[in-house]
Amino acid sequence: MPMTVRRFVRGPRPLCVVTAYDYPSARLADEAGMDAILVGDSVGQVVQGYPDTLSVTLDQMIYHTAMVSRAAKEAMVIADMPFMSYQASSEQALLSAGRLMKEARPQAVKLEGGSRVAETVLRLVEAGIPVMGHIGYTPQSVHTLGSGRAQGRDLEAARRVLTDAIDVEAAGAFAVVLEVMPFRLAALITSQLHIPTIGIGAGPGCSGQVLVWHDLLAMPDLGLRHSRAFAQIGEAALAGLVAYRQAVTDGSFPTEAHSVAMADEVIAQLEREVPKQAPDA
Ligand code: KIV
């Protein structure tokens with residue numbers, strides 16, 4: 001049964017979410033039984049090779065999300081709103097989210113920030129657009145949050161993260177990502193909310209988990225603390241590419257069996273028609 005926002009909120013638990021950015025990956029994620037596929041703006045780092053997510057554009061998110069939407073039959077598709085597609089005003093957010101929903105066909109959008117984006121969340125929800133919140137470490141604020149990723153470690157900071165969670169829920173978000181925060185804080189937040197919390201680097205006490213495609217499949221293996229390499233696809237891909245190059249170099253690939261046959265008389269006639277090759281000097 002295809003996942004809907006309503007079912008996502010009410011159960012099953014724990015929820016399992018993965019990011020994907022293209023059709024073949026999303027097909028695999030769907031077949032693996034993911035509850036949702038997040039088209040994250042992490043595409044900027046893991047696909048485009050930027051050091052952060054800031055350069056990702058709304059057009060790029062539409063492009064990637066449309067591919068994922070075409071693949072997902074059961075999993076719900078959630079599209080990230082990229083940096084500066086919603087921060088200027090609620091109107092800007094509505095226009096950006098509207099384009100994502102109309103042109104790329106996800107079931108929901110995600111945006112970063114807690115209390116400060118509550119008004120924007122409300123505006124989108126009132127327009128009929130389901131919104132997932134994202135608090136704790138918010139990668140689009142990389143330059144204000146600094147190098148330390150963990151958020152909410154001291155009492156004051158923990159109170160702020162809890163307030164962020166309560167405010168995005170009150171604004172109408174159907175779920176909220178908790179990124180890189182103490183697992184006891186994440187568990188406390190989860191116990192206080194009625195909507196599911198989806199953790200990444202936030203411990204086992206969340207309602208569900210999300211991981212980035214390239215991290216969990218080790219493409220490459222960055223040894224990230226908050227992730228785990230569930231398969232060594234990067235290594236397998238590299239071995240495959242090296243073997244391909246070797247086979248082309250040593251002439252073992254392709255063979256005639258990798259092409260198609262032609263009738264003897266056709267090639268014989270063609271050979272008679274072409275000029276004879278001059279012998280090499
Ligand atoms: O962009 C992304 O992949 C995300 C996840 C890390 C939650 O926002």
- For region 224-234, state whether one or more residues are touching a residue at least 60 places away in the same chain (Cβ under 8 Å), within 14 Å of the ligand (Cβ to nearest atom), within 18 Å of R149 (Cα to Cα) and not small (G, A, S). no
- Taking A104 as the residue in question, decide whether it is surrounded by 17 or more Cβ atoms within 10 Å (Cβ to Cβ) and not basic (K, R). yes
- Item | Hits in region 43-59 (condition: within 14 Å of the ligand (Cβ to nearest atom) and either part of a helix (DSSP H, G or I) or crowded, with 23+ Cβ neighbours inside 10 Å (or both)) | V43, G44, Q45, V46, V56
- Would you confirm whether any residue within region 240-260 is of a type in the set (S, T, N, Q), in the same structural domain as E119 (by TED's automatic domain parsing) and modelled with pLDDT of 95 or more? no
- What helices (runs of 4 or more DSSP H) completely inside region 200-281 contain at least 3 residues that are under 26 Å from F8 (Cβ atoms)? 213-216
- Message: Against the conditions (1) over 20 Å from A36 (Cβ atoms); (2) part of a helix (DSSP H, G or I); (3) not β-branched (V, I, T), where does E169 fall short? Just the number, please.
- Response: (1)
- For I135, state whether it is farther than 19 Å from I189 by Cα and crowded, with 16+ Cβ neighbours inside 10 Å. no
- Among the listed residues G98, G128, G146, G136, which satisfies the condition of being among the small types (G, A, S) and within 16 Å of the ligand (Cβ to nearest atom)? G136
- Hey, among Q209, Q246, Q192, which residue is of a type outside the set (A, V, I, L, M) and more than 30 Å from V125 (Cβ to Cβ)? Q246
- Would you point out the residue of region 66-82, among those that are within 16 Å of the ligand (Cβ to nearest atom) and assigned to a helix (DSSP H, G or I), that is surrounded by the fewest Cβ atoms within 10 Å (Cβ to Cβ)? M67
- Yes/no for R99 being at positive phi and in contact with a helix residue (DSSP H, G or I) (Cβ under 7 Å, 6 or more places away or on another chain): no
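The values are calculated or read from the model by the stated rules, or taken from the named source; none is laboratory data. All values derive from a computational prediction rather than experimental measurement. FYI the Cβ positions are ideal-geometry reconstructions off the backbone, even for glycines, and counts take in every protein chain you see.
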